[in-house]
Structures are given as C-alpha cells and as structure tokens.
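Structure, as structure tokens:
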Amino acid sequence: MGLIITLLVGLVVGAIARFIMPGEQKMGWIMTCLLGVGGSLGAGYVGQALGLYAVGQPAGWIASVAGALVLLFVVGKLTGRPPPQ
C-alpha cells in the first residue's frame, strides 16, 4: 500500500512541477510520476538531513516540488530540448 501512495504523491508532485515549469514538456504520465517520486525522495532526504523540516510538514511538499523542478530541468538538458522561453 505504501508503494501505491508513493506513486500517487509522485504523480501529483510531478504534475505540479510540469505545470510550474515554463515551456512544453513532452513526457507521459509514467515519466511524470518518476520525476515526482525522484524529486520527492531527493528533496526529502536533503531537507531532513539538514534539519530544515520534519516528515509531514508542509515545507516537505514545497521542497518536493522544487526537487521535481530541478529534475525536470536536468532531464530537459540531457534530452537536448531547447530551454524554456
């Protein structure tokens, strides 16, 4: 059950990141989900290791979206897509 919730949260976080990022990102819902999960995990570990927030705080959601935005930018650069205008 935890894996399903993680994937759903990742899908929501990835969708928010894609909505915020300017330009068009051509990827499916699976890549969006993976992007959100990766951003959430990365931002969660870094933020909690630095003591910026604890598990379940709203700052964790903000950091998850920020992490997904960074991953979205990196994926865009690695795939050779032009930068957003």
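General observations
- Low-density loop cleavage sites - chymotrypsin sites (Phe, Trp or Tyr not before Pro) in the chain, where at most 15 other Cβ are within 10 Å (DSSP): none
- The GNM of the chain, with springs linking C-alpha atoms under 10 angstrom apart, assigns the highest mean-square fluctuation among GLY36, GLY51, GLY67 to GLY51.
- Mean projected area of the convex hull spanned by the Cα atoms of segment 1-41, taken over all viewing directions: 2.6 nm².
- Computed across the chain, the Kirkwood radius stands at 12.9 Å (inverse of mean 1/r, all Cα pairs).
- Share of pairwise Cα separations in segment 30-79, more than 17 Å, in percent: 31
- The calculated 222 nm mean residue ellipticity attributable to helices in the chain amounts to -25000 deg cm²/dmol, summing -39500 (n - 2.57) over DSSP H runs of n ≥ 4 and dividing by all residues.
- Helix axis angle, 58-78 relative to the chain longest principal axis, alpha carbon, degrees: 30
Throughout, read-outs are computed from the coordinates displayed, never taken from laboratory work. Every value quoted in this text rests on a predicted model; they were computed, and no experiment measured them. Using ideal geometry, Cβ is built from the backbone for each residue, glycine included, and neighbour counts are taken over all protein chains shown.
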